[in-house]
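The values are calculated or read from the model by the stated rules, or taken from the named source; none is laboratory data. The structure displayed is predicted, hence computed values, not measured ones. Cβ placement follows ideal geometry from the backbone for every residue including glycine, while neighbour counts extend to all protein chains displayed.
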Amino acid sequence: MTTDLSDTVYKVSFKANPVQRQFIRSRARADLFSSRVGEGKSAALCWACFEHTQHNPQARWAFVRDTWESLRDTTLKEFTKWFPPGVMGTWKASTKTFTWNVGEMRGEVTFLGMDDPSDASKLQSRELGGIAMDEPSPAAESGGIDELIFDMGMSRLRQTGMKWYPVKLAQNNSDENHWTYRKFVIPGTEGFRSWQTSVPENQTNLPPSYYKDLRTMWAHRPDLVRRFVDGKFGFQRKGIAVTPEWSDDLHLATGLLPVRGADLIMAWDFGLNPTCAIAQVTPQGFLYVLDAWVGEGIGVQELIRGTVKPCLVIDYENFAWWHTGDPNGSMREQSSSQQTAVKVIRGELGGRWRPGPVSVADRIDPLRAALSRTRDGYGIIRVDRDRAKPVSQALRGGWHYHVARTGVTTAEPVKDMASHPGDVMGYLAAAIFPLRKLYQSKRPTGVSTGADRRPSFFGQRRGPLGFERPGLVLPKEARTLPVQRKGV
């Protein structure tokens with residue numbers, strides 16, 4: 001796309017790269033241009049605004065970034081490079097508004113710094129024809145634009161007389177936990193479109209060794225290389241990763257299936273973020289992590305009844321299992337001296353309980369050792385990309401040690417949402433890998449091994465040690481519902 005604007009004073013020529021051009025001209029409900037650094041994303045926002053205003057006289061646009069300072073020093077600077085005030089329009093500093101004045105073209109663009117959800121109020125009284133958001137996802141651990149601001153902006157697209165209402169977002173590839181990834185990529189939103197360059201398209205406007213130099217500079221930060229140099233969605237590392245041995249190429253797998261004849265291992269962490277992972281050791285010696293869930297503000301019983309049990313009934317019929325996990329699960333609850341998390345698990349699901357180690361090191365060390373081992377070109381730990389996403393997000397760097405500004409690193413991992421699936425994997429590794437050879441020749445006491453010990457899902461049965469084990473009974477109508485495999 002080449003655009004020429006000529007008068008006696010000024011001439012500008014802009015030739016868009018292929019993905020830039022598609023992004024600028026798209027008429028989707030919302031468009032996200034997400035790529036490596038240096039691909040002309042801010043320029044694409046500016047020209048998308050110009051393209052729309054040309055066809056929609058008097059269009060009112062809002063350009064949004066996390067703070068006014070970053071907006072002024074980057075986005076506004078890019079905008080005025082292409083459309084200088086005094087030539088292409090007028091700039092009013094008091095309202096931070098640019099008014100177009102190009103031939104018959106009129107309209108205005110207001111620049112807003114919005115780094116807090118409360119800033120959404122800045123949009124409430126506006127009727128807009130279009131919105132541009134620059135860098136909605138943060139490059140570091142803070143910054144970016146809150147999801148509420150995006151949602152509020154979508155509700156303000158109601159200026160009369162518009163032929164269409166563009167919403168244009170441009171950013172470096174985000175963390176997979178960020179709202180832009182969820183809204184535009186997976187699972188995505190109907191009518192939203194994601195644009196991403198597969199190879200660099202703007203190298204003619206960059207120094208010859210630009211990406212090579214960035215790769216060298218960030219060699220110690222593979223998360224930044226993945227997002228800013230390779231142009232892929234990934235994760236944003238916080239502090240120092242607990243498991244730096246993790247590799248997406250070695251440990252991630254798509255569509256893992258349970259192996260018939262091998263028991264399931266259910267690993268648990270407790271508290272108000274109860275976590276469960278369903279895993280299995282294959283005959284080849286791989287540890288498959290098939291499913292994982294992290295609850296939020298619920299108890300272990302709610303997690304079991306709402307998510308785990310339906311999954312077992314539908315996807316793991318005729319499998320047997322045993323449990324391992326947080327040793328604190330055997331401690332009596334304050335609300336009832338007769339109740340423990342382990343009793344809830346045994347009562348709801350049956351199966352033997354094997355407590356994990358108390359020491360943090362005793363579960364991290366075997367996990368790191370297992371992640372460093374490969375077999376047949378794959379890591380011996382394989383995690384399902386979709387169904388066990390909480391685990392992969394924890395092991396790839398979400399589970400971390402905090403590093404203070406002084407450079408001092410905490411002795412134990414930070415307790416947050418990523419620490420729960422991290423702990424679960426530590427309990428699994430401690431139970432399986434130090435005893436791998438013993439496990440293959442002699443199962444732990446009480447673990448079922450044959451078809452005669454498979455659970456009966458819809459009735460009572462007597463377990464291998466003689467105790468009555470409840471069947472996994474769901475209401476008839478629930479048995480036909482698909483299992484939601486995204487966390488609780």
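Quick notes
- Among the residues of the range 90-130, just one is at positive phi and either assigned to a strand (DSSP E or B) or of a type in the set (Asp, Glu) (or both), namely Gly107.
- Residue satisfying all of: in the range 265-320; part of a helix (DSSP H, G or I) and of a type in the set (Val, Ile, Thr); farthest from Pro357 (Cα to Cα) among these: Ile314
- Filtered residues of the range 148-179 (kept if assigned to a helix (DSSP H, G or I), within 22 Å of Ile24 (Cβ to Cβ) and either out of contact with any Phe, Trp or Tyr (no Cβ under 8 Å at 6 or more places or on another chain) or among the acidic types (Asp, Glu) (or both)): Gly153, Met154
- Filtered residues of the range 248-264 (kept if within 26 Å of the chain's Cα centre (by Cα), surrounded by 15 or more Cβ atoms within 10 Å (Cβ to Cβ) and either without any contact (Cβ under 8 Å) to a residue 60 or more places away in the chain or part of a loop (DSSP other than H, G, I, E, B) (or both)): Leu256, Pro258
- Checking each residue in the range 395-404 for being of a type outside the set (A, V, I, L, M, F, W, C) and either surrounded by fewer than 22 Cβ atoms within 10 Å (Cβ to Cβ) or out of contact with any Leu (no Cβ under 9 Å at 6 or more places or on another chain) (or both) picks out Gly397, Gly398, His400, Tyr401, His402.
- Of all residues making up the range 392-429, the number that are assigned to a helix (DSSP H, G or I) and under 24 Å from Gln280 (Cβ atoms): 17
- For the range 110-121, taking the residues that are touching a helix residue (DSSP H, G or I) at 6+ places or on another chain (Cβ under 6 Å) and at pLDDT 85 or above, the one that is surrounded by the most Cβ atoms within 10 Å (Cβ to Cβ) is identified as Met114.
This table checks each residue for (1) modelled with pLDDT under 95; (2) surrounded by fewer than 24 Cβ atoms within 10 Å (Cβ to Cβ).
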position: Ser372; (1), (2): yes, yes
position: Gly379; (1), (2): no, yes
position: Asp384; (1), (2): no, yes
position: Gln393; (1), (2): yes, yes
position: Thr406; (1), (2): yes, yes
position: Glu412; (1), (2): yes, yes
position: Ala418; (1), (2): yes, no
position: Leu435; (1), (2): yes, yes
position: Ala451; (1), (2): yes, yes
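- Filter pass, Thr75 being of a type in the set (Val, Ile, Thr), out of contact with any strand residue (DSSP E or B) (no Cβ under 6 Å at 6 or more places or on another chain) and over 19 Å from Arg158 (Cα atoms): no
- Checked against the criterion of being within 27 Å of Ser194 (Cβ to Cβ) and either free of Cβ contacts under 8 Å to residues at least 24 places away in the same chain or under 17 Å from the mean Cα position of the chain (by Cα) (or both), the range 237-244 has at least one qualifying residue.
- The residue that is surrounded by the fewest Cβ atoms within 10 Å (Cβ to Cβ), among those in the range 128-180 that are polar (S, T, N, Q) and closer than 24 Å to Gly231 by Cα, is Ser142.
- Test: Thr189 is under 20 Å from Asp31 (Cα atoms), modelled with pLDDT of 90 or more and either touching a helix residue (DSSP H, G or I) at 6+ places or on another chain (Cβ under 6 Å) or assigned to a helix (DSSP H, G or I) (or both): yes
- Members of the range 132-160 found to be β-branched (Val, Ile, Thr) and under 26 Å from Gly234 (Cα atoms), listed by number: Ile145, Ile149
- When restricted to residues that are touching a Pro at 6+ places or on another chain (Cβ under 9 Å) and touching a residue at least 24 places away in the same chain (Cβ under 8 Å), the range 190-214 contains 5.
- Leu206, sole failed condition from (1) of a type in the set (A, V, I, L, M); (2) surrounded by 18 or more Cβ atoms within 10 Å (Cβ to Cβ); (3) under 17 Å from Lys41 (Cβ atoms): (2)
- Residue within the range 228-235 that is out of contact with any helix residue (DSSP H, G or I) (no Cβ under 8 Å at 6 or more places or on another chain), on the phi < 0 side of the Ramachandran plot and assigned to a strand (DSSP E or B) present: no
- Residues of the range 61-82 classified as surrounded by 21 or more Cβ atoms within 10 Å (Cβ to Cβ) and over 18 Å from Asn205 (Cβ atoms), total: 8
- Search result, residues across the range 41-52 that are farther than 13 Å from Val167 by Cβ and touching an Asp or Glu at 6+ places or on another chain (Cβ under 9 Å): Lys41, Ser42, Ala43, Cys46
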